[in-house]
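Remarks on the structure that follows.
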Amino acid sequence: MRSFFNYSLLPLVLFPPSTCLGSVDGINESQHDLYANPAFHHPVKRLSVPSAERFEANYGRYAAKLENRDSLVRPDWEAATKRAKEYLQGWSVEDLVTLTSGIGWAKGRCVGNIAAIKTKDFPGLCLEDSPLGVRFADRVSVFPAGVNTAATFNRDLMRWRGIGLGKEFRGKGVHIALGPMMNMARVPEGGRNFEGFGADPWLAGEAAYETIVGMQSQGVQACAKHYLNNEQEHGRRTTTSEVDERTQHELYLHPFLRSVQAGVASVMCSYNLINDTYACENDVSLNKWLKKELNFEGYVMSDWDANHSTESANHGLDMTMPGDIQSDGTDKYFGNRLVQAVKDGKVKRERLEDMATRIVAAWFALGQDKDYPEVNFDAFTSWGKHIDVRDDHDKLIRTVGAASTVLLKNERSALPLIQPVSMVLIGSDAGPPLKGPNFYQDRAGLDGVLIQGWGSGTCDAPYVISPLEAIQSRAKDDHTSLSWFLDDFDLENAAKAAKGKDVAMVFIAATAGEEYLVVDGNVGDRNNLTAWHGGDDLVRTVAAHNSNTIVVVHSVGPIDMPWVDHENITAIVWAGVPGQEAGNALADVLYGDWNPSGRLPYTIARKESDYRVRIQWNRQQVHYNEDRSIDYRYFDAHLIEPLFEFGFGLSYTKFEYFGLQSSFSDDFAPEDAQWRAGKPTSKAHEVGSALQDWLHRKVFTVSFRIQNVGTRYGADIPQLYVGFPQENTGDPPRVLRGFDNVPLNPGETQTVEFKLSRYDLSIWSVQHQAWVAPPGKPLKYKLFLGTSSRDFKLKGTLQL
Ligand code: BGC
């Protein structure tokens, strides 16, 4: 984002005076009279454009463009591996095995622990959840969930969030932070979708990359999870995900490829089976794809109890978690079983050394062998030094929260709010959690504003700013009469509360989580897509009694919105699961301090039957039959009109696009010729074939100009979608291949460049087992540039 100083340049009144009064429909006569009486006027009527001071106070350094993006480089694996090999020289089988085997659940201070080896000066390792904050600890922050991070479409904020998370984990002495999570939101009701980065692999890949680079810049090892195809909670330990190889490469592997490019230290294999073999003993996914094609140099740990054999060591598993200590003191699979297996020759010593080398290399690569804080909390007791690691992360969380808020509908200038005379907030989601922020185990409950889902992907909140609290403090400044009614089910009184107010804001929510906790019969995955607590009835009731009804949705994913076209619903704001600063972030958008720039990281369908993929209940197999057509790709391929498409989000200003150009900078001549001919290169089967330079060098440039033609400062999120050559049947019409965050003052214009690699324009050839150009001569790609996956401002072709 541009520096906050731009704000001070803006004129204070940007809307005609009539809009400044807000929408007056639905206000009864006496209020009109009241409002018309100058004696009741608050003296200064102005848009809530923040001063530089306020902007700084809210967002601090986080809204500024991140300097030195490229100075944070991936760890030096080569040097670290060399050191690890030297360090491990002469170690006994027992000591090597110690590095690979968790000590058992709740036997150490963290959710996963590798024992210290005193004779070797090895301090042990602490592995701790979660992707949005340090779990089971105090004086930590609840960051916006992964899905909100994706909704920012803002790489700087993704990186900043990673840095913030990294600092907190490090401050607590955690060596390995168990995130980010990058399973795809393939199914709208998927329980853990909130932890991940939405429904597009390319977007998820960028978010994973930035998060990992950010986290690891603080010396914490990141863990890319869950590898692979853990896209539903139902039956996650027993079902097999059946996915064809091309789809695997082009969709599900992609975020992991970006993780390896970021230098990720560890990968967590998932509970499910992949094409009939457990993910943690799957030779194809672990040895062939991850370690050979991607040349992943870190280590693979099992999800908790996802290892099912000692043999898994031969198929690519390097560390078992949390360790399966039996009542007789022996470990079920690793530990002394692995020692025995090595002694019996069932697992080769070289393989054990490789496992240990990878684990120690990660420890060296992240610099954890020197001056790393000791673990200073206990996940299972109240022991600890209670070190405050929150820093100024409230500002970061607020910034990401505001930037991830998506404005879905805005009619009759309902938003931003401009000193409304009277306003009511309706619904429990407007208020604080009734029983406190951390009452429900791993947040498996809903009785106040929803800031995260439930399960291991959560953490304890130090506080929660509710919408009521944040809006109330604005109401005080604005001299707005603010009222609230937080009962979801008393529709009669909700109607009374809604009547006669300038603005009636109704709050609804939907949550989901991990399968080990059940909420209202939802076993992790949601049973349906309706708003919880009878939210639809509440919205309809409020809308029936107030013609300026604004709906706010806190949700882990898409919900049904059967009331969307109601004429009294003037605005809809999707706030997702924004973390502890929920209320402040929302108020920033409602009042226009933050011009909305969030975009939907998944599609919201008009009706449930429009979604192609649903949870597969009570089956052994989860068939990924839609192949590459998940989310918007399916809607586009089948000409289904979504309610709100992937990438959609409104702004308080307007942008225009012009001047599309493309260019190619030639290099890697022999590989390029082979690639264009649709053939694999001579290096196609080397270790690291999927990460080679010729494939990933950004050689195609698509450039265009954007102008802010509206009246407010704000950022646009231009998106580039590429249509692969027609001959390539079975492909969705368009796929995301570029996005950016472009902040502009009114009237200002900026050139934007999207750079593509051959990889970005390739398909996975099962026949050649390589990345190749799609069939077609000449190679002709369609380019679509716009503000969503459907609203295109510029179109062109890229002919090679
Ligand atoms: C989850 C992982 C988590 C682990 C440790 C598992 O049930 O799937 O995401 O990191 O538990 O809590």
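Any idea how many residues of segment 84-123 are under 19 Å from VAL347 (Cβ atoms) and of a type in the set (Val, Ile, Thr)?
Residues that pass the stated criteria total 5.
Considering every residue within segment 739-760, establish whether at least one is among the small types (Gly, Ala, Ser) and crowded, with 19+ Cβ neighbours inside 10 Å. Lay out the reasoning, then the answer.
Taking segment 739-760 first, the residues among the small types (Gly, Ala, Ser) are 747, 757.
Filter once more, so that each one left must be crowded, with 19+ Cβ neighbours inside 10 Å: none.
No - not one qualifying residue is present in segment 739-760.
Please specify each residue of segment 175-207 satisfying the condition of being away from the ligand (no atom under 16 Å from the Cβ) and either on the phi > 0 side of the Ramachandran plot or in contact with a Leu (Cβ under 8 Å, 6 or more places away or on another chain) (or both).
Hits for segment 175-207 are PRO188, GLU189, GLY198, ASP200, PRO201, TRP202, LEU203, GLY205.
Quick one: would you say SER413 is surrounded by fewer than 19 Cβ atoms within 10 Å (Cβ to Cβ) and not charged (D, E, K, R)? Lay out the reasoning, then the answer.
Values: surrounded by fewer than 19 Cβ atoms within 10 Å (Cβ to Cβ): yes; not charged (D, E, K, R): yes.
Yes, satisfied.
Can you give me the number of residues within segment 712-755 that are farther than 18 Å from SER789 by Cα, touching a helix residue (DSSP H, G or I) at 6+ places or on another chain (Cβ under 8 Å) and either hydroxyl-bearing (Ser, Thr, Tyr) or not in a loop (DSSP other than H, G, I, E, B) (or both)?
Residues meeting the conditions: 2.
Name the one entry in ASP442, ASP447, ASP460 that is under 30 Å from ASN546 (Cβ atoms) and assigned by the TED database to the domain that holds ALA571.
Values: ASP442 fails: under 30 Å from ASN546 (Cβ atoms); ASP460 fails: under 30 Å from ASN546 (Cβ atoms).
The match here is ASP447.
I'd like to know if segment 396-408 contains one or more residues that are within 25 Å of the chain's Cα centre (by Cα), crowded, with 24+ Cβ neighbours inside 10 Å and within 28 Å of GLU374 (Cβ to Cβ).
Looking for residues that are within 25 Å of the chain's Cα centre (by Cα), crowded, with 24+ Cβ neighbours inside 10 Å and within 28 Å of GLU374 (Cβ to Cβ), one finds at least one in segment 396-408, hence yes.
Does GLU727 fit the bill of being acidic (Asp, Glu) and either touching a strand residue (DSSP E or B) at 6+ places or on another chain (Cβ under 6 Å) or modelled with pLDDT under 95 (or both)?
yes
Could you run through segment 299-329 and say how many residues are among the polar types (S, T, N, Q), under 30 Å from the mean Cα position of the chain (by Cα) and surrounded by fewer than 21 Cβ atoms within 10 Å (Cβ to Cβ)?
Going through segment 299-329 one residue at a time, the tally reaches 0.
Can you pull out the helices (runs of 4 or more DSSP H) entirely within segment 92-174 that have at least 1 residues that are within 15 Å of the ligand (Cβ to nearest atom) and small (Gly, Ala, Ser)?
146-151
Cβ-Cβ under 6 Å, sequence separation 6+ or interchain: first residue in segment 256-274 and among the charged types (D, E, K, R), partner within 16 Å of the ligand (Cβ to nearest atom) and not in a strand (DSSP E or B). Which pairs?
Going by the 6 Å Cβ cut-off, the qualifying pairs are ARG258/ALA208.
Please pick out the residue among TRP594, TRP617 that is in a loop (DSSP other than H, G, I, E, B), among the aromatic types (Phe, Trp, Tyr), out of contact with any Lys or Arg (no Cβ under 8 Å at 6 or more places or on another chain) and surrounded by fewer than 16 Cβ atoms within 10 Å (Cβ to Cβ).
None of the others qualify; the one that does is TRP617.
Condition check ((1) under 31 Å from the mean Cα position of the chain (by Cα); (2) crowded, with 24+ Cβ neighbours inside 10 Å) across all residues:
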position	(1), (2)
ASN493	no, no
GLY500	no, no
GLY513	yes, yes
LEU517	yes, no
ASN528	yes, no
HIS533	yes, no
ALA543	no, no
SER547	no, no
VAL556	yes, yes
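Among the residues of segment 462-480, are any within 16 Å of the ligand (Cβ to nearest atom), among the hydroxyl-bearing types (Ser, Thr, Tyr) and surrounded by fewer than 24 Cβ atoms within 10 Å (Cβ to Cβ)?
Initially, segment 462-480 is screened for residues within 16 Å of the ligand (Cβ to nearest atom), giving none.
No, that holds for no residue.
Which residue, of ARG758, ARG790, is at pLDDT 95 or above, in contact with a helix residue (DSSP H, G or I) (Cβ under 7 Å, 6 or more places away or on another chain) and among the charged types (D, E, K, R)?
When all the criteria are applied, what remains is ARG758.
Scan segment 564-578 for residues that are of a type outside the set (Val, Ile, Thr) and either outside the structural domain of SER466 (by the TED database) or crowded, with 24+ Cβ neighbours inside 10 Å (or both) and report the count.
Start the filter on segment 564-578 by keeping residues that are of a type outside the set (Val, Ile, Thr), which leaves 565-568, 571, 574-576, 578.
Add one more test, that the residue is either outside the structural domain of SER466 (by the TED database) or crowded, with 24+ Cβ neighbours inside 10 Å (or both), and what stays is 571, 574-576, 578.
The total comes to 5.
Confirm whether ALA509 is assigned to a helix (DSSP H, G or I) and away from the ligand (no atom under 16 Å from the Cβ).
no
State whether the residues of segment 664-682 include one that is buried (at least 19 other Cβ atoms within 10 Å of the Cβ), assigned to a strand (DSSP E or B) and not polar (S, T, N, Q).
no
Of everything in segment 89-105 that's surrounded by fewer than 20 Cβ atoms within 10 Å (Cβ to Cβ) and in contact with a helix residue (DSSP H, G or I) (Cβ under 7 Å, 6 or more places away or on another chain), which residue is nearest to LEU352 (Cα to Cα)?
Per the criteria, the residue is VAL93.
Out of the strands (runs of 3 or more DSSP E) lying entirely within segment 208-316, which hold 1 or more residues that are more than 16 Å from the ligand (Cβ to nearest atom), under 24 Å from ARG614 (Cβ atoms) and modelled with pLDDT of 95 or more?
Where strands (runs of 3 or more DSSP E) fall fully within segment 208-316 and carry at least 1 residues being more than 16 Å from the ligand (Cβ to nearest atom), under 24 Å from ARG614 (Cβ atoms) and modelled with pLDDT of 95 or more, they are 240-242.
This table checks each residue for (1) within 20 Å of LYS120 (Cα to Cα); (2) assigned by the TED database to the domain that holds ALA137.
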residue: ASP344; (1), (2): no, yes
residue: VAL347; (1), (2): no, yes
residue: PRO373; (1), (2): yes, no
residue: GLY384; (1), (2): no, no
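The values are calculated or read from the model by the stated rules, or taken from the named source; none is laboratory data. Because the structure is a prediction, the values reported are computed rather than measured. In this analysis, Cβ positions are derived from the backbone assuming ideal geometry, glycine residues included, and neighbour counts consider all displayed protein chains.
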